[in-house]
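Computed from the coordinates by the stated procedures, all read-outs in this text should not be read as laboratory data. Being a predicted model, the structure only gives us computed values, none of them experimental. In this analysis, Cβ positions are derived from the backbone assuming ideal geometry, glycine residues included, and neighbour counts consider all displayed protein chains.
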Amino acid sequence: MTRGDIVALIDRRNAAYDRRDIDALTALHAEDGVVESLLAGVVTGRPAIGEIYRTWLTAFPDVQIKNDDLIVDGDRAVQASILSGTDQGGLMGLPASQKPFRLPMVHIYTFGDGSITHERRIYDFTGLLVQIGVLKAKPA
C-alpha cells in the first residue's frame, strides 16, 4: 500500500467511527486481522474485532475522537488520539456510571492488501476505569 492508500484508509476509519458504523469499521480490517487491546486482549478475525467496536460504542455512544497527525512509514503507521465521552452503556457488564472520561490513546497499525492487518491500541485502562468509577484511586 502507498502512503496515500494508508491515509485514505485511516480517513475512512475515522469517518466510520464518527458515524458509529461498526460494520464499516470492521471491514477495514483483514479477514484474519489482529487487534491488541487492553479491554479485549488479543483478538483475531473480523467477528472478534467487530465485537471490540460494539463493546466500546455501546458503553460510550457519545465518544469523540481528536486525532493527531498520522505518521506513516512503509506499511506501518502510528496515530495518537484523545478519546472523550461518557459511560452511558456500562462497560464489562457493569451499570452505566454516567461519568465522563478523557483517554489519550496510541494506535499502531500494520497494513497489507488494502486493509489493517494488525492494530495495537495503547492506553491507560486503569485510568479509564478510575474515571468512570469502576475503580477507586487512593489519594496521594
For this session: Name all residues of region 92-133 having a backbone nitrogen under 18 Å from the label point set 7 Å from the Cα of THR44 along its Cα→Cβ direction, giving them as ranges.
Result: 110-112, 116-121
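As an exercise, take the mean of 1/r over every pair of distinct alpha carbons in region 3-131, invert it, and state the Kirkwood radius in angstroms.
Values: mean 1/r = 0.0672 Å⁻¹.
This gives a value of 14.9 Å.
Under a point-charge model restricted to the Cβ atoms of Lys and Arg (+1) and Asp and Glu (-1), what is the dipole moment magnitude of the chain relative to its Cα centre, in debye to the nearest 20?
Numbers: 15 positive and 18 negative charges, 129 e Å.
Here the chain has a charge dipole of around 620 debye.
Lys and Arg at +1, Asp and Glu at -1: add these up for the other residues within a Cβ distance under 14 Å of ARG102 and post the number.
Details: positive: LYS66, LYS99; negative: ASP62, ASP87, ASP124.
Here the charged neighbours net out to -1.
Would you work out the relative contact order for region 3-131, in percent, from Cα pairs under 8 angstrom that are 6 or more residues apart? Walk me through the intermediate numbers first.
Numbers: 236 pairs, mean separation 30.0, N = 129.
Once normalised by length, the contact order is 23 percent.
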